[in-house]
Amino acid sequence: MQYSLRNDYNETAHPRVLEILNRTNFEQTGVYGKDIYTEQARDLICEKLNDQDADVYFVSGGTQANLVVISWILRPHESIIAPSTGHIAVYEGGAIESTGHKINTLDSLDGKLNSDHIKYVLSFHRDEHMVKPRSIFISNATEIGTIYSKRELESLSEIAKKNNLLLYLDGARLGSALMSDQNDLKFSDLKDLLDIFYIGGTKNGALFGEAIVILNDKLKKNFRYHLKQKGALFAKGRVISLQFLELFKDDLFFDLAKHANKMALVLENGIKKAGYDFLSKSQSNQIFPIFPDYITKALAEKYEFYMWSKFDKKHTCIRLVTSWASDEKFICKFIDDLNQLSKS
Ligand SMILES: Cc1ncc(COP(=O)(O)O)c(C=O)c1O
């Protein structure tokens, strides 16, 4: 059987997540997110965020979160600025475009946006003959495994506020970003810097689910109506919130992300030691090594991974993702196999 390093949701869920679902299984509660557990999960997230006024809603997946949020914060003629590698621009089947909103994409070598990007878009969107940029989409960690420093996020937040743009952060891999050993951003810093974001559960130990956090008061009113209209108001809402309750109870969420990052570091160091380079300097649980094609082909017989891009005629860049459940035994085996192949 191949060991998968393709993504961070190859396993189902952390046992504690399954346990809380099982333990509460026969309880009768309110529905559509109006239940005691959803309330507790919301309070817990607010407490960690140090913001008692944040609104928190639980939805089933990342594309759904992006679709619900972006269609909520934009009026029909407004657009969202994103890196050209951004998940909404590449991997969501046109979900955002299907709402009629333009995505202003910008090339960025490290997968991040900075204030120059924003100034550039604003410089030529001056009147009603073009869409009106109204929001900024970033993800942390980014699509290529990099993370935002506190200063970088502050700078984006400043330019957003100055130009009446809403700053939205896709946190599908927020746990991994915040637990990176290169990170200087605190979870609670987010409340001062963003208008809205989501915390990814699917990729960090939950069975499924993401928590949308609305910080900007102007975006709060009637959000439940919008959720319902988009088919995102889950009847058995507690199934998602219970998972977040368990994950945030005692920092399990952050511990799981730490493990994923540690496994990525073991992989990265082993690959470096074997003499290979990387497409980008990853700072989280995704790494992008470049191998000669014959090595990639041989590794693909034993391991599942994503072919990221062709590097040159004889080399391919692959994406390796570690998870909250990655088994160090298999990670070390990957390095052993790579060393063996490199010798032959
Ligand atoms: C940054 C980011 N956002 C959104 C998504 C979409 O999540 P889903 O596949 O649950 O719709 C992903 C999934 O890979 C992602 O990496």
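The values are calculated or read from the model by the stated rules, or taken from the named source; none is laboratory data. Just so it is clear, the structure is predicted and the values come from calculations on it, not from any experiment. Neighbour counts run over all protein chains shown; Cβ positions are idealised from the backbone, glycine included.
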Sort out which residues of segment 192-231 are within 16 Å of the ligand (Cβ to nearest atom), assigned to a loop (DSSP other than H, G, I, E, B) and not small (Gly, Ala, Ser), and write them in order of number.
LEU194, THR202, LYS203, ASN204, LEU207, PHE208, LYS230
What pairs come up if the first residue lies in segment 168-193 and is free of Cβ contacts under 8 Å to residues at least 40 places away in the same chain and basic (Lys, Arg), the second is part of a strand (DSSP E or B) and within 11 Å of the ligand (Cβ to nearest atom), and their beta carbons are under 7 Å apart, counting only those six or more places apart or on different chains?
none
Which residue pairs have Cβ atoms under 8 Å apart, sit 6 or more places apart or on different chains, and have a first residue in segment 305-323 that is modelled with pLDDT of 95 or more and a second that is of a type in the set (S, T, N, Q) and loosely packed, with under 14 Cβ neighbours inside 10 Å?
THR316/SER309; CYS317/SER309
Taking segment 78-94 and keeping only residues that are within 15 Å of the ligand (Cβ to nearest atom) and either under 25 Å from ASP217 (Cα atoms) or surrounded by fewer than 16 Cβ atoms within 10 Å (Cβ to Cβ) (or both), one is left with ILE80, ALA82, SER84, ILE88, VAL90, TYR91, GLY93, GLY94
Among the residues of segment 107-153, write down those that are over 19 Å from GLU97 (Cβ atoms), in contact with a His (Cβ under 8 Å, 6 or more places away or on another chain) and within 16 Å of the ligand (Cβ to nearest atom).
SER108
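Please indicate, with yes or no, whether at least one residue in segment 60-77 is at pLDDT 95 or above, within 14 Å of the ligand (Cβ to nearest atom), farther than 15 Å from ILE196 by Cα and not in a loop (DSSP other than H, G, I, E, B).
yes
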Collect the residues in segment 1-33 that are in a loop (DSSP other than H, G, I, E, B) and closer than 17 Å to GLY209 by Cα, keeping them in residue-number order.
ASN7, ASP8, TYR9, ASN10, GLU11, THR12, ALA13, HIS14, VAL31, TYR32, GLY33
Looking only at segment 315-334, count how many residues are in a helix (DSSP H, G or I) and more than 17 Å from ASN261 (Cβ to Cβ).
2
Assess whether GLY111 counts as being surrounded by 24 or more Cβ atoms within 10 Å (Cβ to Cβ) and within 30 Å of ASP251 (Cβ to Cβ).
no
